Amino acid sequence: MSQSAAPVLEARRISKRFPGVVALDGVSLALLPGEVHALVGENGAGKSTLIKVFTGVHRPDGGDLIYNGSPVAFGTPLDAQRAGISTIYQEVNLVPMMSVARNLMLGREPRGRLGVIDTARMYGEAERILAGYGVVTDVRRPLRTFGMGVQQMVALARAVAIDARVVIMDEPTSSLEPREVETLFSVIRRLRDDGIAVVYVSHRLDELYEVCDRVTVLRDGRVAHTGPLAELERLKLIALMLGRDLDEVRTGGLTRFSRDRRHARERDGAQPAVRAEGLTRRQVLRGVDVSVWPGEVVGLGGLLGAGRSETAKGIVGALPLDAGRVVVAGLPLRTGSTTAAIRAGVGLLPEDRKAEGIIPALSVRENIALAALPSLSRAGVVSDAKIDKVVEVFMRRLRIKAASPHQPVQELSGGNQQKVLLARWLAIRPKILLLDEPTRGIDVGAKAEVQALVDELAEEGLGVLLISSDLEELVEGADRILVLREGAVVGELSGDDVTEDTIMTSIAERGAESDG
Amino acid sequence: MTGSPGREQVSRVLQQHGALMVLAALVIVGSVAFDSFATAGNAASVLVSSSFTAIIAIGMTFVIISGGIDLSVGSLFVFGGVLAAYGSQYGLFVALALPLAACGLVGLLQGLLIARTGMAPFIVTLAGLLGVRGLMLAISDEGATTYLVKDSAFARLGQGGLFGLTWPVYITALLAVVAMVLLQRTAFGQNVYAVGGNEPGAALMGVPVARTKVYVYLMSGLLAGLAGVLNAARLSSGVTILGIGLELDVIAAVVIGGTLLTGGAGGITGTIAGVLLLGVIQSLINQVGNLTSAFQQVVSGLFLALVVVAQRLLGRAQRLG
């Protein structure tokens, strides 16, 4: 990286307003060729808006965008892409049903005679390009038959192949395996060495320090800090993002779990809040047993695809099972029925809150009341007064930030959407909550609040099943951890055995055995 | 992804070529069961009567792959036919140009409304269905006037032919080949798949989403009009009572052919197989003799339901596999 080089892309006092919100307020950022620039901030800080200004999705209301030394105004994402600014989005934005090769080459397929696409050359070229990213595969297969790691590499290869000068990555590692993350980082470093400017957006601090050169911290639509990342202490960075006093952050630790770990003997005599036995589903789950006692937080550890989310879905009946039974507070549950599960007091906070959780166009109030409607109505007629009361209680208790209960949920930040979902399940007075990645993709502040809430709920006697890829969250939050691998429980850790090391060892040990 | 690629491949082949396999099986069964089925005459009659549906279905395949639907094609088919018969009094050129221009214009307007305003294709083309049928009735005195084809060159287009097959069959075959190349081997075709497979994603990949949609509806309108034109030439008149519910038959054929109603996947081969399959089912039921054509609809309906269920299962196998 050469600091003296002229910026390839520069935002000068960019402003962007949406109805009721100032998303960007005079943001300046200079992106140098051959640097990896971290863009961080809490949700609602303006990261997404800034990226969308860079990529032609939004037009700024004020300020200038300078690209290669001259002012530009991109009308559409296509304009930005043609100019050399590519984006790898959080949810990989490719076409799942089209083949890998066609995704990679869409819009610039090699032509043969009569301008017709030369498929043989297209497949050959796609194979050659992907090999450079460590992906060797049949490029004719539909993209959706591959894992997220491959899909991400295809998206990245696509961006680079269209002569990108600037590559913007929004949470690129959120669904990757550690091994795939390593591959991604080596590709990013290669891009940097080739003089491409990379904007790297992530909530994972470890990754930022591993791969980024400089950092820009956004807060409330303004730049809170810009500078080399290595010189910035980790806690200082968090403090900048939160806009809080450094001391306050330091005493809080990195997660907000505070309870002492409970020990197995405390549950003598009681019966489990939920007991799942022999959950089996072809190619997904192989006889998973899970029990959660009241007041206990049980963590599910394991790599992506180990069957953690599927276990949770199997318990609530959202995943059809080939075999297995679920007992809630001593009563057997009819499997395969989410209605029965909700009635029995089981709530699932799904991993993909956009697709499986919130109903975006409905209001905060309606989203909260949804699952509890049967208990808030008499003879099928819903009582408005009862709903208002429940909604008010939970909005206050979970500190949901919304203009009013009638604001559509889609207008809230990710953290607040997650809280609305939590409220929905708390409103049914559950015996057990299954939380699948409850803090993924939400900002640091909301994360801490959700973690504190999990503690609080367990203290009150709720059983919690916690799924998280964040090992630290798992270790500090759970009383007991079950490690899954390839759809089976391969280890159980409790008490002082619960550390990041033991979890990783457990995964690795069993992995070595089953490979041999 | 722990499944075997073999399973995944099998289900993909079934998805894409299932209709063709069932078609082949039915033809074999029909030939064995009925002496009068596997005759050149019967084959020609199935091909000729299927060709008009097939032309419309080619356009519909593009529309459905792009994630849309076109309900106006039945009305455009009859409107095109009436305009062609009316225009034939001014010669061959007018008989062709007038209906194609009118139907193309309707398709273009529908496409623009869908692409530029974001209105639902179902509603826009439902309006087209009602409005165009109204237009057709307006120019034919509430359907009372049946224009007769005055131009013999035009009539030959629908009635003449080669080797026992009429021109519409050859035109359909040519259009199918062109459509296949268009869909699989041109940027436009790739854009159609991309728009139907992931519209926001396609926009971010630089696909001209709006333009692609406009073209797709324009094409569907033109092809529905062309089918009407050829049919008018075949019948030597602009019959006004045709085409009611035709759009649903066409959609059924496309879906039976393996194109997903949700968009993003499908193809012309499957569509042609789907159209022929419905034609063969009808022909077989005619062979049985004492069954009415009402029964043909029952069988087609059952078959459609079967295909949709099979697609669900295959889709699941592919995702989990």
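The values are calculated or read from the model by the stated rules, or taken from the named source; none is laboratory data. As the structure is a prediction and not an experimental result, all values here were calculated from the model. No Cβ is skipped: glycine too gets one built from the backbone with ideal geometry, and neighbour counts run over all protein chains shown. Just the protein is used for accessible areas: all its heavy atoms, side chains included, with ligands, DNA and RNA removed. Shrake-Rupley method; radii C 1.70, N 1.55, O 1.52, S 1.80 Å.
The condition of being over 27 Å from A:Val288 (Cα atoms) and at pLDDT 85 or above does not hold for A:Ser404.
Does region B:203-211 contain any residue that is within 15 Å of B:Val63 (Cα to Cα) and under 22 Å from the mean Cα position of the chain (by Cα)? Looking through region B:203-211, at least one residue is within 15 Å of B:Val63 (Cα to Cα) and under 22 Å from the mean Cα position of the chain (by Cα). What residue, among those in region B:189-202 that are small (Gly, Ala, Ser) and either under 17 Å from A:Glu109 (Cα atoms) or open to solvent by less than 10 Å² (accessible area, probe 1.4 Å) (or both), is farthest from the other protein chains (Cβ to nearest Cβ)? So, considering only residues that are small (Gly, Ala, Ser) and either under 17 Å from A:Glu109 (Cα atoms) or open to solvent by less than 10 Å² (accessible area, probe 1.4 Å) (or both), the one farthest from the other protein chains (Cβ to nearest Cβ) is B:Gly189. Taking the criterion of being within 27 Å of A:Gly477 (Cα to Cα) and in contact with a helix residue (DSSP H, G or I) (Cβ under 8 Å, 6 or more places away or on another chain), the residues of region A:307-341 that qualify are A:Ile315, A:Val316, A:Gly317, A:Ala318, A:Leu319, A:Val326, A:Val328, A:Ala329, A:Thr338, A:Ala341. The residue list A:Arg396, A:Arg378 contains one member that is within 28 Å of A:Glu476 (Cα to Cα), outside the structural domain of A:Arg480 (by TED's automatic domain parsing) and either open to solvent by 20 Å² or more (accessible area, probe 1.4 Å) or not polar (S, T, N, Q) (or both), which is A:Arg396.
Contact annotation: residue pairs with Cβ atoms under 6 Å, 6 or more positions apart or on different chains, pairing a residue in region A:97-111 that is closer than 23 Å to B:Gly258 by Cβ with a partner that is open to solvent by 10 Å² or more (accessible area, probe 1.4 Å) and charged (D, E, K, R), are A:Ser99/A:Arg140. The residues on offer are B:Leu218, B:Leu182, and the sole one that is surrounded by 21 or more Cβ atoms within 10 Å (Cβ to Cβ) and assigned to a helix (DSSP H, G or I) is B:Leu218. For region A:411-427, the criterion of being within 22 Å of A:Gly46 (Cα to Cα), β-branched (Val, Ile, Thr) and either in a loop (DSSP other than H, G, I, E, B) or touching a strand residue (DSSP E or B) at 6+ places or on another chain (Cβ under 8 Å) (or both) is met by no residue.
If you go through region B:195-225 and keep only what is in contact (Cβ under 8 Å) with a residue 24 or more places away in the chain and among the aliphatic types (A, V, I, L, M), you end up with B:Val195, B:Val209, B:Ala210, B:Val214, B:Val216, B:Leu218, B:Met219, B:Leu222, B:Leu223, B:Ala224. Please indicate, with yes or no, whether at least one residue in region A:13-21 is assigned by TED's automatic domain parsing to the domain that holds A:Cys212, farther than 24 Å from A:Ile442 by Cα and open to solvent by 50 Å² or more (accessible area, probe 1.4 Å). Within region A:13-21, one or more residues are assigned by TED's automatic domain parsing to the domain that holds A:Cys212, farther than 24 Å from A:Ile442 by Cα and open to solvent by 50 Å² or more (accessible area, probe 1.4 Å). Looking only at residues of region A:135-192 that are crowded, with 17+ Cβ neighbours inside 10 Å and without any contact (Cβ under 8 Å) to a residue 24 or more places away in the chain, we find that the one that is farthest from the other protein chains (Cβ to nearest Cβ) is A:Val135.
For region A:80-109, the set of residues classified as more than 7 Å from every other protein chain (Cβ to nearest Cβ), open to solvent by less than 10 Å² (accessible area, probe 1.4 Å) and farther than 25 Å from A:Asn68 by Cβ consists of A:Val100, A:Ala101, A:Asn103, A:Leu104, A:Met105, listed by residue number. Only residues that are at pLDDT below 65 and closer than 16 Å to A:Tyr209 by Cβ were counted in region A:221-250, giving 0.
Considering A:Lys386, A:Lys419, which residue is open to solvent by 40 Å² or more (accessible area, probe 1.4 Å), of a type in the set (Lys, Arg) and not assigned by TED's automatic domain parsing to the domain that holds A:Ala446?
Values: A:Lys419 fails: open to solvent by 40 Å² or more (accessible area, probe 1.4 Å).
Just one listed residue meets the conditions, A:Lys386.
Scanning region A:213-236 for residues that are farther than 20 Å from A:Ser413 by Cα and in contact with a strand residue (DSSP E or B) (Cβ under 7 Å, 6 or more places away or on another chain) yields A:Asp213, A:Arg214, A:Val215, A:Thr216, A:His225, A:Thr226, A:Gly227, A:Pro228, A:Leu229, A:Leu232.
Scanning region A:110-126 for residues that are touching a strand residue (DSSP E or B) at 6+ places or on another chain (Cβ under 8 Å) and facing chain B (nearest Cβ under 8 Å) yields a single hit, A:Ile117. Against the criterion of being in contact with a strand residue (DSSP E or B) (Cβ under 6 Å, 6 or more places away or on another chain) and among the polar types (S, T, N, Q), B:Ser283 does not qualify.
Quick check on region B:251-271: of everything there that is within 14 Å of chain A (Cβ to nearest Cβ) and among the hydrophobic types (A, V, I, L, M, F, W, C), which residue is surrounded by the fewest Cβ atoms within 10 Å (Cβ to Cβ)? Outline the logic, then answer.
Of all residues in region B:251-271, those within 14 Å of chain A (Cβ to nearest Cβ) come to B:258-267.
Going one step further and asking which of them are among the hydrophobic types (A, V, I, L, M, F, W, C), we end up with B:260-261, B:265.
Working: B:Leu260: 20, B:Leu261: 13, B:Ala265: 23.
The residue in question is B:Leu261.
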